[in-house]
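Student: Sharing a structure here in structure tokens format.
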Amino acid sequence: MIDPKFIIQNPDAVKEAARKKRISFDVDLFIQLDEKRRTLQTQVDEIRAEKNAANEKISNLQGDKKQQAISKMKEKSDEEKQATEELRQTETEWKNLLLTAPGQISPDVPEGKDDTENVELYKVGELPNFKFEPKSHEELGKDLDIIDIERGVKIAGSRNYFLKGDGALLELAVLNFTLHKLAAKGFTAFIPPLLVNEDAMVGTSYFPGGEEQAYAVGVMRPGEQHLESDEKFLIGTSEVSVTSYHSGEILEEKDLPLLYAGISACFRREAGTYGKDTSGLYRVHQFQKVEQVILCKNDLEESTKMHQMILKNAEEVLQDLHLPYRVVAVCSGDMGQGQYYKNDIESWMPSRKNYGETHSCSTFLDFQSRRLNMRYKDKNGKTQFVHTLNNTCIASPRVLIALLEVHQNQDGTITIPEVLRPYMGGKEKLSKGPS
């Protein structure tokens, strides 16, 4: 959530951020509501002050004068009730509109309408030069009996799958290697709740606006045809749970930055993607992820340094896996509401003959912390909102697309990157047969 004072004092900057991010936000209406809210609050305060003063006098009155004063007090009470209700409605409208306001946007963000206008910054790694016709991850998974999409669809519908045998072990190897790498760098590992309340979804800025992408959880009562909502939601990333961990708390500056690494299953409905990436493991409803989450001082230089660090961590994992990739600056139209600056990492996927997004790295400044009321006391005793950042350090099975396809051999085997072998019982290759 953006500071409402910033909107009032910088309306043109907010309008420009909304235009660049292609977000519908009525700045002028917000300013009108803010003025109305302040006026009504003053009105309510004045009525209450008048009532308090009148109350003190009533006790000293007698007879008709007392009855007249009581009658006037009743009128004031009715006036207060009406003004208070109008204030409540105005504040609700004001707050709901504020939740749709765009966060600030870095001057380094390229302007563009969608992901087709993201700007490549650099590439790392040589693309594979196969001396044979390479197979897709779907073909490899079927040949090696490590991926079963057909049965996944049978029991769970489209965009579902089974990883089995060495496929399951390979995913766990990738996740565990990444988590241990982060732990060695000082990150605290988290296995967070997969179910969260609405406050966590709003606090991390997934709601309002992203409701159609989230799975809501409910209970089916005997004899009922509809689910009764439990008002809980499956997370689409452990960012939601882990970033919310310190919600409502005041931290100490000496304890910052906080480096957290969440490992979890993630769930996304993929609404609005009908007919897009329907085959294979690129766009699925359930996946596993190791997410970096940072809470740091309210200082742009500090959060910029943290952004570069977590981006570098994710790049190191891909380098350890010997996977070619590129880093892009995400354009304004492809950014989320609260993101100040964002990079994507795209890994080379031979079957797509292109790079495919496998990681995102985002700086939010204090956009999320304001919603979560997550603050710290600086060295001067002043309370400030923390800056938050997050980055996908690894996400599977999407990274398995790159890993299987890039490291395939002519005989149909897959060479396991050396860093993963300790997690695979020392195995050097995936081949058909028992795990």
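Nothing in this text is a laboratory measurement; each read-out follows from the coordinates by a stated rule. Keep in mind that what you see is a predicted model, and the values were worked out from it rather than measured. Positions of Cβ are generated from backbone atoms using ideal geometry, with glycine treated the same way; all protein chains shown enter the neighbour counts.
Student: Helix 300-320: angle to the longest alpha-carbon principal axis of the chain, degrees 0 to 90, nearest 10?
Tutor: The angle comes out near 20 degrees.
Student: Additional query: Under unit Cβ charges (Lys, Arg +1; Asp, Glu -1), what dipole magnitude, rounded to 20 debye, does the chain have relative to its Cα centre?
Tutor: I would put it at about 440 debye.
Student: Looking at 391, 356, 194, which one has the Cα that reaches farthest to the positive end of the dipole of the chain (charges on Cβ: Lys, Arg +1; Asp, Glu -1)?
Tutor: The one lying farthest along the dipole's positive direction is 194.
Student: Students often forget the sequence filter, so: which lysines lie under 29 Å Cα-Cα from residue 379 once same-chain residues fewer than 8 apart are removed?
Tutor: Once the sequence-local lysines are set aside, what remains near residue 379 is 5, 185, 254, 297, 305.
Student: So if I place +1 on the C-beta of Lys and Arg and -1 on the C-beta of Asp and Glu, and nothing else carries charge, what would the dipole magnitude of the range 121-192 be about its Cα centre? I want it in debye, nearest 20.
Tutor: Here the range 121-192 has a charge dipole of around 320 debye.
Student: Cα convex hull of the range 107-164: how many Å³ per residue?
Tutor: Measuring per residue, one finds 186 Å³ for the Cα hull of the range 107-164.
Student: May I ask you to list the trypsin sites (Lys or Arg not before Pro) in the range 355-413 that are in a DSSP loop and have at most 11 other Cβ atoms within 10 Å of their Cβ?
Tutor: 379, 382
Student: To the nearest 20 debye, what is the magnitude of the charge dipole of the range 4-98 about its Cα centre, counting +1 on the Cβ of each Lys and Arg and -1 on the Cβ of each Asp and Glu?
Tutor: Using only the charged Cβ atoms, the result is roughly 260 debye.
Student: So, counting K/R as plus one and D/E as minus one, what does the shell of residues with Cβ under 14 Å around residue 385 add up to?
Tutor: With Lys, Arg at +1 and Asp, Glu at -1, the neighbours total 0.
Student: At a 10 Å Cβ-Cβ cut-off, how would you order 400, 179, fewest neighbours first?
Tutor: Sorted ascending by nearby Cβ count, the order is 179, 400.
Student: If you fit an axis through the alpha-carbon atoms of helix 166-184 and take the longest principal axis of the Cα set of the chain, what angle between them do you get, 0 to 90°, nearest 10?
Tutor: Orientation of helix 166-184: about 60 degrees from the principal axis.
Student: While we're here: In deg cm²/dmol and to the nearest 500, what is the mean residue ellipticity at 222 nm of the chain if only DSSP H runs of at least 4 residues count, each as -39500 (n - 2.57), divided by the residue total?
Tutor: Rounded to the nearest 500, the figure is -12500 deg cm²/dmol.
Student: Same structure again: Which of the trypsin sites (Lys or Arg not before Pro) across the range 119-184 are loop residues per DSSP, with 11 or fewer other Cβ within 10 Å?
Tutor: 131
Student: List, in the order given, every pair from 312/429; 164/427; 142/353 whose Cα-Cα distance in the structure shown is over 24 Å.
Tutor: 312/429, as the Cα separations exceed 24 Å there.
Student: Hey, what D do you get for the range 305-376 in µm²/s if you plug the Kirkwood alpha-carbon radius into Stokes-Einstein at 4 °C and 1.567 mPa s?
Tutor: Taking Rh from Cα pairs, D becomes 95 µm²/s.
Student: Using the Cα atoms of the range 133-249, I'd like the radius of gyration and the largest Cα-Cα distance, Dmax, both in angstrom.
Tutor: So, for the range 133-249, Rg and Dmax equal 18.7, 57 Å respectively.
Student: Just going by the charge dipole of the chain, with Lys and Arg at +1 and Asp and Glu at -1 on Cβ, which of 119, 149, 294 is farthest out on the positive end?
Tutor: Final value for the positive-end residue is 294.
Student: Could you tell me the largest-minus-smallest coordinate of the C-alpha atoms of the range 4-98 on each of the three principal axes, in descending order and whole angstroms?
Tutor: Extents along the principal axes, in whole Å: 68, 19, 13.
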